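**Student:** Here it is, the structure, as structure tokens.
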Amino acid sequence: MTVEHYLVIGAGRMGGALLKGWLADPVSGVVADRLMIIDPHPGDDARNAITSGAVHLDATASDIGKKLAKVQTILLAIKPQGFAEIAPIIAPHLPQGALVISILAGTAMDSLRRAFPNQHVIRAMPNTPAAIGAGITAFTCDNGVSERQQRTAERLLKAGGTVHAVDSEHLIDVVTAVSGSGPAYVFHMVEALEAAAIKIGLPETIAGDFARQTIVGAGALLDRSSLSASELRQAVTSPGGTTQAALDVLMPELPPIMRETVKAALKRAKELAEK
């Protein structure tokens with residue numbers, strides 16, 4: 001049986017969270033002494049992994065080729081602006097046919113193929129709740145990715161939460177606009193609800209708690225209920241009541257705003273992918 005070795009390039013918040021999930025879950029197949037990390041400033045989770053036996057590599061070291069020769073699976077989790085610098089250093093030393101899983105926002109499959117011409121590439125888009133195992137990730141496979149490699153990617157990405165395979169790179173950009181950027185939409189809603197609460201008289205000392213917990217609680221209820229979001233909304237909305245009065249204002253405005261919001265994010269995702 002082949003002993004697999006893994007490499008994480010970029011072990012900040014997202015990369016670190018995923019590797020933490022791997023090491024905590026025996027099903028992942030990843031153990032610390034078969035894990036390598038390239039990051040000049042690793043985050044807390046990566047430092048803990050290194051303490052547990054993971055190898056912290058210097059990408060410029062003279063023996064980097066020898067170290068990387070046994071790696072079968074690579075998670076590319078650096079900031080997108082660092083991609084052009086690190087890829088030419090690493091790619092020549094990776095085994096032919098190794099799997100590269102990229103979670104770089106706005107970095108297109110064509111760019112990944114050019115950077116890793118002798119490897120197989122999967123492009124994935126997680127979102128920030130993946131840092132606590134509550135995210136959702138979409139991934140798409142380049143030609144040549146084996147069924148086994150796809151299963152490996154799905155197993156590793158599940159450390160961040162729910163995982164869906166999609167059949168085109170276009171859908172990765174769509175997912176970026178919906179779930180990738182989506183947490184920021186929710187956080188801004190908390191900001192707006194807090195500001196509105198203060199405006200109508202709720203003390204600033206508690207307005208943030210009421211706004212935050214309203215969203216947290218509603219999300220938890222949505223997660224645990226078998227009802228759809230529409231059904232839950234209807235359940236809390238009494239005809240002629242306070243919620244109905246509020247929704248009479250919100251419902252005509254929110255859907256078109258949300259459509260324009262995700263369209264703007266999608267447009268920018270495509271622009272970044274073309275650079």
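The values are calculated or read from the model by the stated rules, or taken from the named source; none is laboratory data. Small disclaimer: the values here were computed from a predicted structure and weren't measured. Every residue, glycine as well, gets a Cβ built from its backbone with ideal geometry; the counts of neighbours run over all protein chains shown.
**Student:** N118 is checked against (1) in a helix (DSSP H, G or I); (2) touching a Gly at 6+ places or on another chain (Cβ under 8 Å); (3) at pLDDT 95 or above and fails just one. What number does that condition carry?
**Tutor:** Only one criterion is unmet by N118, namely (1).
**Student:** Among (1) assigned by TED's automatic domain parsing to the domain that holds M125; (2) in a helix (DSSP H, G or I); (3) at pLDDT 95 or above, there is one condition A196 misses while meeting the rest; what is its number?
**Tutor:** With respect to (1) assigned by TED's automatic domain parsing to the domain that holds M125; (2) in a helix (DSSP H, G or I); (3) at pLDDT 95 or above, A196 is out only on (1).
**Student:** With in a loop (DSSP other than H, G, I, E, B), aliphatic (A, V, I, L, M), in the same structural domain as I90 (by TED's automatic domain parsing) and buried (at least 18 other Cβ atoms within 10 Å of the Cβ) as the only criterion, which of A17, A61, A11 stands out?
**Tutor:** Of A17, A61, A11, the one residue that is in a loop (DSSP other than H, G, I, E, B), aliphatic (A, V, I, L, M), in the same structural domain as I90 (by TED's automatic domain parsing) and buried (at least 18 other Cβ atoms within 10 Å of the Cβ) is A11.
**Student:** Let me ask something else about it. Within region 38-54, is even one residue over 22 Å from the mean Cα position of the chain (by Cα) and not small (G, A, S)?
**Tutor:** Within region 38-54, one or more residues are over 22 Å from the mean Cα position of the chain (by Cα) and not small (G, A, S).
**Student:** Of the residues that make up region 183-201, is at least one under 30 Å from Q149 (Cα atoms), without any contact (Cβ under 8 Å) to a residue 12 or more places away in the chain and surrounded by 12 or more Cβ atoms within 10 Å (Cβ to Cβ)?
**Tutor:** no
**Student:** Would you point out which residue out of T140, T162, T214 is touching a helix residue (DSSP H, G or I) at 6+ places or on another chain (Cβ under 7 Å) and surrounded by fewer than 17 Cβ atoms within 10 Å (Cβ to Cβ)?
**Tutor:** After ruling out the rest, the residue left standing is T214.
Per-residue answers, yes or no, for (1) in contact with a strand residue (DSSP E or B) (Cβ under 9 Å, 6 or more places away or on another chain); (2) free of Cβ contacts under 8 Å to residues at least 40 places away in the same chain; (3) not polar (S, T, N, Q):
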residue: L7; (1), (2), (3): yes, no, yes
residue: D33; (1), (2), (3): yes, yes, yes
residue: D45; (1), (2), (3): no, yes, yes
residue: L76; (1), (2), (3): yes, no, yes
residue: K79; (1), (2), (3): no, no, yes
residue: P88; (1), (2), (3): no, yes, yes
residue: N118; (1), (2), (3): no, yes, no
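**Student:** Follow-up question, since we're still on this one. When only residues in region 227-257 that are in a helix (DSSP H, G or I) and among the β-branched types (V, I, T) count, which is farthest from the chain's Cα centre (by Cα)?
**Tutor:** Among residues in region 227-257 that are in a helix (DSSP H, G or I) and among the β-branched types (V, I, T), the one farthest from the chain's Cα centre (by Cα) is T242.
**Student:** Collect the residues in region 64-102 that are in a loop (DSSP other than H, G, I, E, B) and charged (D, E, K, R), keeping them in residue-number order.
**Tutor:** Answer for region 64-102, where residues must be in a loop (DSSP other than H, G, I, E, B) and charged (D, E, K, R): K70, K79.
**Student:** Select from region 139-155 the residues that are in a helix (DSSP H, G or I) and not small (G, A, S) and list them in ascending order.
**Tutor:** If the condition is that a residue be in a helix (DSSP H, G or I) and not small (G, A, S), then E147, R148, Q149, Q150, R151, T152, E154, R155 are the ones that fit.
**Student:** Next question, about the same structure. Under the condition of being part of a helix (DSSP H, G or I) and either within 18 Å of L254 (Cα to Cα) or small (G, A, S) (or both), which residue from region 199-213 is farthest from the chain's Cα centre (by Cα)?
**Tutor:** Ranking the candidates gives A207 first.
**Student:** Taking the conditions exactly as written (surrounded by fewer than 21 Cβ atoms within 10 Å (Cβ to Cβ) and not aliphatic (A, V, I, L, M)), does G43 satisfy them or not?
**Tutor:** When the stated conditions are applied, G43 passes them.
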